[in-house]
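The structure under discussion appears below in the form of structure tokens.
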Amino acid sequence: MTYAQLKEELIAYSKEIGIDKIGFASADSFLTLKDRLVMQQELGYQSGFEEPDIEKRVNPELSLPKARSIISIALAYPSRMKNPPKSKKGDRRGVFCRASWGKDYHHILRDRLQKLETFLMKKAPEAKSTSMVDTGALSDRAVAERAGIGWSAKNCAIITPEFGSYVYLGDLLTTLPFEPDTPITEQCGSCTKCIDACPTGALVQGGQLDSQKCVAFLTQTKGFLPEQYRQKIGNRIYGCDTCQQVCPKNKGIDVHNHPEMEPDPDIAKPQLLPLLTMSNREFKERFGDISGSWRGKKPIQRNAIIALAHFKEESALPVLKQLLAEDPRPVIRGTAAWAIGKIGRTLDEEKALNQAKFNEKDVEVLEEIKKGLDFLETNVTRN
């Protein structure tokens, strides 16, 4: 069998196992990407979640010796939820980004890549291969761009002609020399809607992201969220879809090809108040199957407190006061203090903050209590 024939068989098999798009690229080093990554590092624009060794990110042979080709796959995910629950006064809800709807996409893509790799090994047992999803050394987007899956857009996502940017990406490296596919020409043109709509100005320019400002990154951090970003995240408790939602190339696109990607509305848009008192076990049972749970419950709870402050949800005050008085985690106590100040309108809130101030030893929490008291100085009506 020739490599051309094997490529066609792989393409046909990929459709059988539910891969929405497949492309082939050379395993040459990504030299242009290296220049961009060095610049990002020098500017301090990296998130810290990436592979720290730039050479590993740009040289496929460091992941698979004698690699000749990279197979890129894309699976399309839904952009709309059926019967989404309403967020209303007394029953406020947060939202997970679309990439965290349904079952954790890492498991879904690994399943497809494993099947593809098994098929390849049966046809060419002499070949070596390895696969990666998201957490691998290589840049999934750079591979997908080279393999003709889509173009690298101004919002730093890969946009496919068929599915827009609502796709998960995965890579399979192999020592087999497949004929590479042709990259797709960039089609963003003069459009800057994603840059203009970015809530925090994280899109510095087309194709350049300051990850430290990106809402998707900020919602995953574990410390205190910088105050200048708290209003910006609104009711997002994990991730951000703004730059995808405003993109004209995504207009009207909503793909439901994979049942395991369908969101449970009560998990994708969960009630905020129950999140605040959820145990680790309850959190894992409820949210453990989605990708948005990977950082644990603390960032989600912190973001839920900020969301309740965003809504000025007064029914949350009793729970927030309890967290302030009893929670062992400084980030939760401090964020609760800030939220109490944002929401509160009575002397009861002022009393709670002053009591906490008397008992608190953590410097950062004391700073948040002061912010809360400053808000109340303006908000509380005094006789």
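Summary table below
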| item | result |
| --- | --- |
| Any hit, segment 221-233, residues being surrounded by 21 or more Cβ atoms within 10 Å (Cβ to Cβ), under 13 Å from A99 (Cβ atoms) and either outside the structural domain of R112 (by TED's automatic domain parsing) or without any contact (Cβ under 8 Å) to a residue 24 or more places away in the chain (or both) | no |
| Selection count where residues are in a helix (DSSP H, G or I), surrounded by 15 or more Cβ atoms within 10 Å (Cβ to Cβ) and not basic (K, R), scope segment 13-50 | 5 |
| Single condition G252 does not satisfy, out of (1) closer than 23 Å to K103 by Cα; (2) part of a loop (DSSP other than H, G, I, E, B) | (1) |
| Test result for K370, among the charged types (D, E, K, R) and assigned to a loop (DSSP other than H, G, I, E, B) | no |
| Subset of segment 324-355 [of a type in the set (A, V, I, L, M, F, W, C) and either within 18 Å of E313 (Cβ to Cβ) or at pLDDT 95 or above (or both)] | L324, A325, V331, I332, A336, A337, W338, A339, I340, I343, A352, L353 |
| Within segment 96-209, helices (runs of 4 or more DSSP H) holding 1 or more residues that are without any contact (Cβ under 8 Å) to a residue 40 or more places away in the chain, in the same structural domain as Q40 (by TED's automatic domain parsing) and hydroxyl-bearing (S, T, Y) | 105-123 |
| Single residue of K222, K232, K213 found to be more than 19 Å from G94 (Cα to Cα), at pLDDT 95 or above and basic (K, R) | K213 |
| Segment 1-55: number of residues that are more than 25 Å from T219 (Cβ to Cβ) and free of Cβ contacts under 8 Å to residues at least 40 places away in the same chain | 18 |
| Odd one out for G252 among (1) within 19 Å of the chain's Cα centre (by Cα); (2) of a type in the set (G, A, S); (3) closer than 17 Å to R80 by Cβ | (1) |
| Residue in segment 74-128 that is nearest to I17 (Cα to Cα), counting only those that are more than 23 Å from the chain's Cα centre (by Cα) and crowded, with 20+ Cβ neighbours inside 10 Å | L116 |
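Yes/no matrix, rows are residues, columns are (1) within 29 Å of V204 (Cβ to Cβ); (2) at pLDDT below 95:
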{"site": "L43", "(1), (2)": "yes, yes"}
{"site": "K66", "(1), (2)": "no, no"}
{"site": "L75", "(1), (2)": "no, no"}
{"site": "S79", "(1), (2)": "yes, no"}
{"site": "H107", "(1), (2)": "no, no"}
{"site": "R112", "(1), (2)": "no, no"}
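The values are calculated or read from the model by the stated rules, or taken from the named source; none is laboratory data. Values in this document were obtained by computation on a predicted structure and should not be read as measured data. Ideal geometry is used to build each Cβ from the backbone, glycine not excepted, and the neighbour counts take in all protein chains shown.
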